[in-house]
Amino acid sequence: MSGAESTAPAAASAPAAGSAAAPAAGSATAPILVAIDGPAGSGKSSVSRAAATRLGFGILDTGAAYRALAWAALETGADLDAEPAVLELLGAWRFDITLRGEQRVTVVLPGASAPSDVTAAIREHAVSGQVSRVSQHPAVRDRLNDMFRAIVAGSGLPGVVIEGRDITTVVAPDAPVRILMTASPEVRAERRAGELSGVSREQVLADIIARDAKDTLVVDFMNPAPGVTLVDTSDLDFEQSIQAVIDVVQAAPSAAVEESM
Ligand SMILES: Nc1ncnc2c1ncn2[C@@H]1O[C@H](COP(=O)(O)OP(=O)(O)O)[C@@H](O)[C@H]1O
Ligand SMILES: Nc1ccn([C@@H]2O[C@H](COP(=O)(O)OP(=O)(O)O)[C@@H](O)[C@H]2O)c(=O)n1
């Protein structure tokens, strides 16, 4: 497997939590981190991916891991609301995600010998509506956060854009670049409705508002923490949104970031 692809160990065997900027064992330098948070439909996945490509960085979509975990819980019949059941699953599954090129997500379920490609399945409505149930558990979040830090540290890449809900505040609060990407609920629903066939804009808006409400009980991704740059994409097209992220990266004072450009 190349440096373009990351294989994450089961969260149970991931290294202990530490700074995301801490060097990986055996690697000379840690990847430069660009941390991006935001609500559903703000553009963080697609814009982060495009920005990462231009920067020559990898991209870690942490939401894909929460989605894959929810998928695995639904497949195995684990109780998504019971933290011990979700932790047991986390200790027994295997999760892989590509950090470069087209995103590919695979899961080996407990007891299974072959991986399942869940890249498409984790985007389905049946999963989207259930993810907040697994992401609500603090110990589950801690374990996944350790896994994210291990994936980044072991990536062998010059930099990684890591995006989610609590990257700027919990996973990588020391990242040299931290962005909160927002857009109005109406714009976000419009964008998401454009991706889904057979679902009305009104239904998408209601789903987004409901999911944001559940998720914000756990982490605040609607307001930038101190030192985090707000990028509102409501009135920006896709290209302008990518440029806005690149501008923040280029404006960052960190010598490490400038060296990588
Ligand atoms: N600034 C933008 N202008 C127009 N469309 C956008 C913009 N940003 C993202 N999109 C589109 O909106 C949809 C949702 O974006 P996505 O990156 O999946 O959001 P998020 O990861 O925040 O949920 C995608 O189809 C994406 O191409
Ligand atoms: N860092 C993260 C990323 C995602 N999540 C959870 O995972 C779900 C899916 O995240 P996502 O980033 O794929 O969602 P979208 O914004 O793409 O719709 C969210 O609704 C949260 O419940 C989280 O809790 N923390």
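List of remarks:
- FRET efficiency for the A139 to E195 pair, using the beta carbon distance and R₀ = 35 Å, is estimated at 0.60.
- Selected from D146, D81, D235 as most flexible by GNM, with the chain as the system and alpha-carbon contacts under 10 Å: D235
- Our note on the geometry: Cα centres of the stretch 81-120 and the stretch 47-69, 17 Å apart.
- Candidates G77, G91, G159: whichever shows maximal mean-square fluctuation once the chain is modelled as a Gaussian network with Cα springs under 10 Å: G77
- For V161, the residues 5 or more places off, or on other chains, whose built amide H falls under 5 Å of its own are V34, G58, I59, L60.
- 3J(HN,Hα) along the stretch 190-206, derived from phi through the Karplus expression 6.51 cos²θ - 1.76 cosθ + 1.60 where θ = phi - 60°, amounts to 4, 5, 5, 4, x, 8, 10, 8, x, 10, 6, 4, 5, 5, 5, 4, 4 Hz, with x in place of Gly and Pro.
- When the solvent-accessible area of the stretch 61-157 is split by element, carbon and sulfur atoms take up 50 percent of it, the probe being 1.4 Å.
- Annotation: amide H of S234 within the under-5 Å range of S184, sequence separation 5 or more or interchain, hydrogens built in the peptide plane.
- Couplings 3J(HN,Hα) for the stretch 78-87, derived from phi with the Karplus relation 6.51 cos²θ - 1.76 cosθ + 1.60 (θ = phi - 60°), are 5, 6, 5, 8, 9, 4, x, 5, 6, 5 Hz, where x marks Gly and Pro.
- Most mobile of A189, A112, A68 in a GNM of the chain (Cα contacts under 10 Å): A112
- Prolate/oblate/rounded call for the chain, Cα gyration tensor, a/c under 1.5 rounded: oblate
- Calculated [θ] (222 nm, deg cm²/dmol) that DSSP helices of n ≥ 4 give over the chain, each run adding -39,500 (n - 2.57): -12500 deg cm²/dmol
- Surface per residue (accessible, 1.4 Å probe) for the chain, Å²: 43 Å²
- Here the Karplus relation 6.51 cos²θ - 1.76 cosθ + 1.60, evaluated at θ = phi - 60°, turns the backbone of the stretch 48-59 into coupling constants of 4, 4, 5, 5, 4, 4, 5, 7, x, 9, x, 9 Hz, with x for every Gly and Pro.
The values are calculated or read from the model by the stated rules, or taken from the named source; none is laboratory data. Because the structure is a prediction, the values reported are computed rather than measured. With ideal geometry, Cβ positions are generated from the backbone for all residues, glycine too; neighbour counts draw on all protein chains shown. Protein only, heavy atoms only, side chains kept; ligands, DNA and RNA dropped before computing areas. Shrake-Rupley method; radii C 1.70, N 1.55, O 1.52, S 1.80 Å.
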